[in-house]
Amino acid sequence: MGYVTYNNSNNRFEWKGTFEERHIPKDAGWRWDPEKKVWYTNLLECAGKLKKYFDEKAAQQYNDLFEKKNRKLELSSAVSSEFNVPTPIGCDYFPFQKAGIHFVMEVFKEHPGALIADEMGTGKTIQSAGVINVLNPDRVLVVCPASLKYNWERELKCWLVHPKDIIVVNGDDVDFSLNAIYIINYDILHRIPEENYQYNLIIVDECHYIKNPKAKRSKLVKSITKTSVKRGGKVLFLTGTPIVNRPIELYPILELAAPSAFGNFWSYAKRYCNAHYNGYGWDFRGASNLEELQGKLRSTIMIRRLKKDVLGELPPKMRKVVPLKIERFVGEEEIVQLLNESCQLREYIKVLREVAKEGKGNEELAEVMQVFDAKMKVVFERVAEMRKFYALQKAPFAAKYIVDMLKDEDTDCVVVFAHHHDVFGVLEEVFERAGISYVKITGKESAEERQRAVETFQSGGAQVALCSVIAAGVGITLTRARTAVFVELDWVPGNILQAEDRLHRIGQEAECVDIHYIVARHTLDENFADYLTRKIEIIEKALNHERMKTQLEKPVSLLDVITTFEQKQQRGEEEESKIISGEERSYALELQQKLAIVAALDKDRAARRNNVGFNRFDTRIGHFLVEIPVEKWSNKMLRVAEKLVNKYRKQIYEGGV
């Protein structure tokens, strides 16, 4: 009588029986290995059908694997964990985010890749930062859509605990050989030289972008990932789209994340894609054994939680600043200068008012007040120009961002807030081209038209509601939507909160609302958004205090925004100029010794191009770092030294270090 045993070298169950007994494993869904001439299976489901034929070894292995599978299944939908994740000061992970990071680390013990498929708005980017904090990899590649690059940069700067250089790839002039975090969009992956395909961790955001294996970007992701995995790297896939319903689109991800678990393309396609010959060719568009596939995904590489699963942990609103790199307003420096002068004048006016109480200096006070008013008038004019300039620059990006969002099956409608009618015009044009249905509540509509627009949106007759922050801020309900996008912000915090509350009424049992602020990166627009969000959150936490309620109606002070802008720059400069700590000096000395090898080769100080020593751009700073005692090194000098050592590592290695 035949029996089942377990082959440790091939990690599979095997049938040992006669030719006449071949129907037993075949009927159970086992596969034939023509080379070894044996029936086998890697699937617990198939193995379990022949439990009565197990020998002792197979039974023990089956029980161990079954227990392991059940544990992984629990982890794949876990909403809390005691797993220790390094956390930056002032930040904290939600319990379900810790559980996600824990799951990924468990998967990495068995497979090269993991998949976080949580619903949109649950913080997949933050969980990815947590994985980086746990692994502390030298080289990281983040692949994402172009619209998300600067959001990744922003989130990583906020959540990482280990100092790392973050390089957002745009142009061609990028050195991909450094130990750094590279953030690149799918469209320019070809710019990475093949010799730099080695990464300790690759993060593929919106990984459904590689569902077509014939697409150029899919081939590049596959090539970079396979090269990295061969050298011990890991890959983390992220998506909020439930692509399990289209199994064929999952395979490009699965063959990279867990090739041993899902087998080759044909076995996968026949099992889960209902692959069949239709008379013209093979059709893989179908779906079969979906429940089995779902269980297998969760027991191997995938974790997925919906918002409803973690609603108790999420705040009613989750705000996200989405930075966009655009042309800077030419008058921004003038605004900053005028505000600084106005700030000085304001302090002088305070002094003059004290003097005026003694009956002196009234004429001078009047003159200074006149100058102050004139400067502030110019400031407000320039700020109005700046706001419209940035709004029109942001509008095309915001429109595409919203269109992409609506392609996601988790997002069926969006409320969009803006101020200028020209901005609404740009949005409407893009939506019409994309076939997106919309209604408008911009202040130009009659009361009947306004009510009709609300009813159409609430009943599902439109995908987008275009709203003025002021006109749609009160008296309407848009609670069908779970997502709001602000293309423009208002200077009064109360107006923003009222607009947000169109989607989320206090006290209702609704899902968390995602709020996206589109901002111009590294400008006053971004700084204003940062300041406004902090102010709103402080006000929300203290709304039971009457004093804080009055803050809702007060516009944000331009002078406060400029002050925080300068403080932010000053803090960064101060941190860079600090002398390194005693603990870092031994590390600095090691770097200096390595740089000394390159400096010794650079006798002509890059006078000739001979590929020896420093190049002409690095020779001055390289020799400077070798000559100055490490006791005088600043944090910035330490980082520059790290980059140079990495850049010239070949010469250093050949020189004996």
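On inspection, residue 236 qualifies as among the hydrophobic types (A, V, I, L, M, F, W, C) and modelled with pLDDT of 90 or more.
Would you check if residue 228 is open to solvent by 10 Å² or more (accessible area, probe 1.4 Å) and either touching a Lys or Arg at 6+ places or on another chain (Cβ under 6 Å) or not basic (Lys, Arg) (or both)? No.
Within segment 278-292, identify whether any single residue is open to solvent by 20 Å² or more (accessible area, probe 1.4 Å), within 30 Å of residue 70 (Cβ to Cβ) and among the charged types (D, E, K, R), and answer yes or no. The answer is yes; a qualifying residue exists. Among the residues of segment 394-408, is any over 16 Å from residue 148 (Cβ atoms), touching a residue at least 40 places away in the same chain (Cβ under 8 Å) and either in contact with a Gly (Cβ under 9 Å, 6 or more places away or on another chain) or not in a helix (DSSP H, G or I) (or both)? Yes, segment 394-408 contains at least one residue that is over 16 Å from residue 148 (Cβ atoms), touching a residue at least 40 places away in the same chain (Cβ under 8 Å) and either in contact with a Gly (Cβ under 9 Å, 6 or more places away or on another chain) or not in a helix (DSSP H, G or I) (or both). Just to be sure before I move on: is residue 608 of a type outside the set (Asp, Glu) and without any contact (Cβ under 8 Å) to a residue 12 or more places away in the chain in the structure I sent? Spelling it out, residue 608 is indeed of a type outside the set (Asp, Glu) and without any contact (Cβ under 8 Å) to a residue 12 or more places away in the chain.
Condition check for residue 313 on (1) open to solvent by 40 Å² or more (accessible area, probe 1.4 Å); (2) touching a strand residue (DSSP E or B) at 6+ places or on another chain (Cβ under 6 Å); (3) closer than 25 Å to residue 106 by Cβ: one failure, at (2). Is it the case that residue 128 is surrounded by 18 or more Cβ atoms within 10 Å (Cβ to Cβ), under 11 Å from the mean Cα position of the chain (by Cα) and farther than 21 Å from residue 224 by Cα? No: the conditions fail for residue 128.
Residue-wise test of (1) touching a His at 6+ places or on another chain (Cβ under 9 Å); (2) under 17 Å from residue 604 (Cα atoms); (3) part of a helix (DSSP H, G or I).
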{"position": "614", "(1), (2), (3)": "yes, yes, no"}
{"position": "622", "(1), (2), (3)": "no, yes, yes"}
{"position": "626", "(1), (2), (3)": "no, yes, yes"}
{"position": "640", "(1), (2), (3)": "no, no, yes"}
{"position": "644", "(1), (2), (3)": "no, no, yes"}
{"position": "652", "(1), (2), (3)": "no, no, yes"}
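The number of residues in segment 409-457 that are open to solvent by less than 20 Å² (accessible area, probe 1.4 Å), of a type in the set (Phe, Trp, Tyr) and assigned to a strand (DSSP E or B) comes to 1. Looking only at segment 326-351, count every residue that is more than 14 Å from residue 371 (Cα to Cα) and open to solvent by less than 50 Å² (accessible area, probe 1.4 Å) and tell me the total. Of the residues in that region, 6 qualify. Counting only helices (runs of 4 or more DSSP H) wholly contained in segment 160-273, the ones carrying 2 or more residues that are under 30 Å from residue 647 (Cβ atoms) and either of a type in the set (Phe, Trp, Tyr) or more than 19 Å from the chain's Cα centre (by Cα) (or both) occupy 216-230. Taking the listed residues 646, 610, the one that is under 19 Å from residue 163 (Cβ atoms) and open to solvent by less than 60 Å² (accessible area, probe 1.4 Å) is 646, with no other qualifying.
Taken together, 154, 191 contain a single residue that is touching a residue at least 40 places away in the same chain (Cβ under 8 Å) and of a type in the set (Lys, Arg), which is 154. Scanning segment 374-408 for residues that are buried (at least 16 other Cβ atoms within 10 Å of the Cβ) and among the acidic types (Asp, Glu) turns up just one, 408. On the stretch given as segment 500-530, residues that are modelled with pLDDT of 85 or more, open to solvent by 20 Å² or more (accessible area, probe 1.4 Å) and aliphatic (A, V, I, L, M) total 0.
Under the condition of being surrounded by fewer than 19 Cβ atoms within 10 Å (Cβ to Cβ) and either small (Gly, Ala, Ser) or closer than 24 Å to residue 139 by Cα (or both), the residues counted in segment 628-637 number 3. As a summary of the residue check, residue 622 satisfies the conditions (1) surrounded by fewer than 11 Cβ atoms within 10 Å (Cβ to Cβ); (2) closer than 22 Å to residue 164 by Cα; (3) of a type outside the set (A, V, I, L, M, F, W, C) except for the one numbered (1).
Can you spot a residue in segment 463-475 that is more than 22 Å from residue 321 (Cβ to Cβ), at pLDDT 90 or above and within 30 Å of the chain's Cα centre (by Cα)? Among the residues of segment 463-475, at least one is more than 22 Å from residue 321 (Cβ to Cβ), at pLDDT 90 or above and within 30 Å of the chain's Cα centre (by Cα), which makes the answer yes. Just one of (1) modelled with pLDDT of 75 or more; (2) open to solvent by 60 Å² or more (accessible area, probe 1.4 Å) trips up residue 616, so point out which. Only one criterion is unmet by residue 616, namely (1).
For segment 292-325, the candidate set comprises residues that are aliphatic (A, V, I, L, M) and modelled with pLDDT of 85 or more; within that set, the residue that is farthest from residue 524 (Cα to Cα) is 293.
Filter segment 20-35 down to residues that are open to solvent by 40 Å² or more (accessible area, probe 1.4 Å) and touching a residue at least 24 places away in the same chain (Cβ under 8 Å), then give me how many there are. Of the residues in that region, 1 qualify.
The values are calculated or read from the model by the stated rules, or taken from the named source; none is laboratory data. Owing to the predicted nature of the structure, the values given are computational and were not obtained by experimental measurement. Using ideal geometry, Cβ is built from the backbone for each residue, glycine included, and neighbour counts are taken over all protein chains shown. With ligands, DNA and RNA removed, areas are computed over all heavy atoms of the protein, side chains included. Shrake-Rupley method; radii C 1.70, N 1.55, O 1.52, S 1.80 Å.
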